[in-house]
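First comes the structure, then the notes that go with it.
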Amino acid sequence: MTQNLEKFLQNMPRKKFTLRGEGKFYFRFFLIVVKKEVERLVNLLFFSYKPMKILAKTILVVFIFAVVLSSYAYASSNIVRGDSLYGLKRAIENYQIKFADKPMEQVELYTKLAERRLAEAGELAKEVAGISQPVVSLVYPVFAQGDEPATGEAPVVEAVENFVTTVQEVSQNTEQAITAAEQISEPQQAAEALAVINTSQTSQTAELQTIAATIGPVAPEQTVEAVATTLQTTIEQQAQVQVSQEEVQNAIETKAAEVKIEIETSQDVKLQKAEELKPAVEQKIGETKDLVAKFKEDLLAAGVSTSTAEKLLNRVDTKLAKAEAALAGGNPHQAQGLLKATKALMNNAKHFVKQAEKQGEETATSTPSTEESTISPPSAVSAPKKSPPFRPAGSGGKCVEVEVYPGYTTCLMDEPAITEEDILGGEPVDQQAQEKQENQGQGNKPAVPPGQQKKQQ
Amino acid sequence: MPQTERKNFLFYYQQFKNKIFNYFWYRTGFNQELTEDLTADVFLRAYEHFEGFNPAYPFQSWIFAIAHNHLVNFYKKQYNIASLAETAATSEQEQEEKLLIKLDAQIVQQALVNLPAGQQDLIIMHYINDLSIKEIAEILQKEENAARVALSRALDALRRLINNKI
């Protein structure tokens, strides 16, 4: 062997870095990385004063540690009653309960909590089962008789107690979820809540059966009893939930049927009323037709032009036809409304007639004949362009100073601002021309503002 | 930057973790728990000083130098190497592992742990960790020839110890 020692040494066994060792490394590596990141962050936050730096680092590390710890405690089912982090876990849960105001939220939360307790019970069951075969089975008779366990048996007793309490909390949480579900008045929402509880209970039953198999019959009576009782309670609660589900379903169906009947009843009543109203409206239509005939005669007797009369009669006839159609369509109320509108139109026709006749007269006097308009270009038809009116400075537009005679200037507006006078139409062209002539007749008199002109006049 | 640094470091870690583990495993007399801790210590120390590592030089020499120094410091604290080696393998698992190792290997291992620390280093680094004489010389800060001679002497010493055992 010594002759081939070198070769032998090269073939000596080698090991791989163990999983536990890697775990140790990565945990410590993570801490160092966090520390480095914190240092980097602190340096970024311009803390140049050393005590401040230390304080900031400490706060940040504590904060990160607290966040990581509480997240782990809350999320992990490995944290069970008896662990140091269990209090933190329950504290977070209590806050959740405080913030769940609505019954539906409470149902979801308590169901979730029941499932959590069950997961914890599963972990504790392993613990109990692990120690139950060699030790607990020996210990059990001791505290089953009510005697205090020996000093070495204290952890066992504690584990069993923790397990029992956790298992009991499962049915308590489910009960609270059921109570919250009963507070929901809306049947649809209540059905949803009960469905959530029912689904959870099914999985709870399965989980409890697994736990029962884990602890086995040799486990302390307390544990067996707790699991059996909880299992029984869960089954009973589920039956209760299923009955409630049926009741809620019935309530939903009854309500739906009631709503249907209500709708049908209201429709029947409406139809009945419409039928009752129909003859009266038919009669009214007949009366209105007579009124329309009379209205036509009146129009012609009053000497209203044919076109105006036709326009009015067309409107009246259309409304009347619509009323008839509405009645035929089974809507006498609408027909009534249309008849009312027809009457109103006829009663007030005189106003429309006056307006139409007036407009007709105006168009006849102001516009040239159609022959002229077709022959002459549009520019010839339009009124001659007015010269910009004389305006004093400050009345809008741009002021152009014009020297009227040597040494005297005045302001003329080249782009006159739009005034009321412009909109309504200025003075007639003839008048302006007349004024111009008068001004010319006064010789080389200086042009004066209109105000002064008026004073002079 | 820190992310790239971490990534690079973890790449080196994956490459050399088993070598460092084996180095400590042999050097601690096959104490698994202690080996795990020492391996983790070395890599974490390396990470803390990773900014000072020059990528132009091999990482292997650098990490072995850290491992060697760390072990020396550890033994300085523990003082008694032999007793450490004897008391190391206590757990059932370790006992089982030892039983699985062939008898010849066991003799060599026992002889190895009875060698002086420096000679153990040379033999483990060269034969178990497959480091070259040049690399060992760099790690131990010796001349290459001196390292070669020291290794030869260590091998002779081991041979003598094995012969005595047999």
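Scanning region B:127-165 for residues that are facing chain A (nearest Cβ under 10 Å) and among the charged types (D, E, K, R) turns up B:Asp130, B:Asp156, B:Arg159, B:Arg160.
Can you tell me which residue is farthest from B:Ser61 (Cα to Cα) among those in region B:104-129 that are outside any helix (DSSP H, G or I) and free of Cβ contacts under 8 Å to residues at least 60 places away in the same chain? Explain how you work it out, then say what you get.
Keep residues of region B:104-129 that are outside any helix (DSSP H, G or I), which gives B:114-116, B:129.
Subsequent filtering for residues that are free of Cβ contacts under 8 Å to residues at least 60 places away in the same chain retains B:114-116.
Numbers: B:Asn114: 26, B:Leu115: 23, B:Pro116: 22 Å.
Taking the candidates together, the pick is B:Asn114.
Table: residues versus (1) farther than 30 Å from B:Gln32 by Cα; (2) surrounded by 15 or more Cβ atoms within 10 Å (Cβ to Cβ); (3) touching a helix residue (DSSP H, G or I) at 6+ places or on another chain (Cβ under 8 Å); (4) away from chain B (no Cβ under 14 Å).
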{"site": "A:Glu6", "(1), (2), (3), (4)": "no, no, yes, no"}
{"site": "A:Arg20", "(1), (2), (3), (4)": "no, no, yes, no"}
{"site": "A:Phe25", "(1), (2), (3), (4)": "no, yes, yes, no"}
{"site": "A:Leu44", "(1), (2), (3), (4)": "yes, no, no, no"}
{"site": "A:Pro51", "(1), (2), (3), (4)": "yes, no, no, yes"}
{"site": "A:Thr58", "(1), (2), (3), (4)": "yes, no, no, yes"}
{"site": "A:Ser77", "(1), (2), (3), (4)": "yes, yes, yes, yes"}
{"site": "A:Arg81", "(1), (2), (3), (4)": "yes, yes, yes, yes"}
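For region A:136-223, list the helices (runs of 4 or more DSSP H) that sit wholly inside it and hold at least 1 residues that are under 42 Å from the mean Cα position of the chain (by Cα) and at pLDDT 90 or above; which are they? Break it down into steps so the answer makes sense when it comes.
Numbers: elements: A:137-144, A:154-182, A:187-215.
Of the helices (runs of 4 or more DSSP H) lying wholly inside region A:136-223, those with at least 1 residues that are under 42 Å from the mean Cα position of the chain (by Cα) and at pLDDT 90 or above span A:154-182, A:187-215.
Set side by side, the residues A:Ala323, A:Ala341, A:Ala309, A:Ala335 differ, and just one is in a helix (DSSP H, G or I), of a type in the set (A, V, I, L, M) and surrounded by fewer than 17 Cβ atoms within 10 Å (Cβ to Cβ), which is A:Ala341.
Consider region A:8-18 and keep the residues that are outside any helix (DSSP H, G or I) and facing another protein chain (nearest Cβ under 7 Å). The one that is surrounded by the most Cβ atoms within 10 Å (Cβ to Cβ) is A:Phe17.
Counting only helices (runs of 4 or more DSSP H) wholly contained in region B:1-82, the ones carrying 3 or more residues that are within 14 Å of chain A (Cβ to nearest Cβ), of a type in the set (Val, Ile, Thr) and free of Cβ contacts under 8 Å to residues at least 60 places away in the same chain occupy B:32-48.
Can you confirm whether A:Leu300 is without any contact (Cβ under 8 Å) to a residue 60 or more places away in the chain and in contact with a helix residue (DSSP H, G or I) (Cβ under 6 Å, 6 or more places away or on another chain)? Taking the combined requirement at face value, the residue does not satisfy it. Taken across region A:289-300, residues that are surrounded by 10 or more Cβ atoms within 10 Å (Cβ to Cβ), within 21 Å of A:Thr342 (Cβ to Cβ) and in contact with a Ser or Thr (Cβ under 7 Å, 6 or more places away or on another chain) do not occur at all. Just one of the listed residues (A:Leu55, A:Leu118, A:Leu88, A:Leu69) is out of contact with any His (no Cβ under 8 Å at 6 or more places or on another chain), at pLDDT 85 or above and not basic (Lys, Arg), and it is A:Leu118.
Test of understanding: among A:Thr179, A:Thr199, which residue is closer than 16 Å to A:Gln242 by Cα, among the hydroxyl-bearing types (Ser, Thr, Tyr) and exposed (fewer than 13 other Cβ atoms within 10 Å of the Cβ)? Can you show your working first?
Values: A:Thr179 fails: exposed (fewer than 13 other Cβ atoms within 10 Å of the Cβ).
After ruling out the rest, the residue left standing is A:Thr199.
The values are calculated or read from the model by the stated rules, or taken from the named source; none is laboratory data. Predicted model only: the values in this text are computed from it and were never measured. Here the Cβ is made from the backbone with ideal geometry for all residues, glycine too, and neighbour counts use every protein chain on show.
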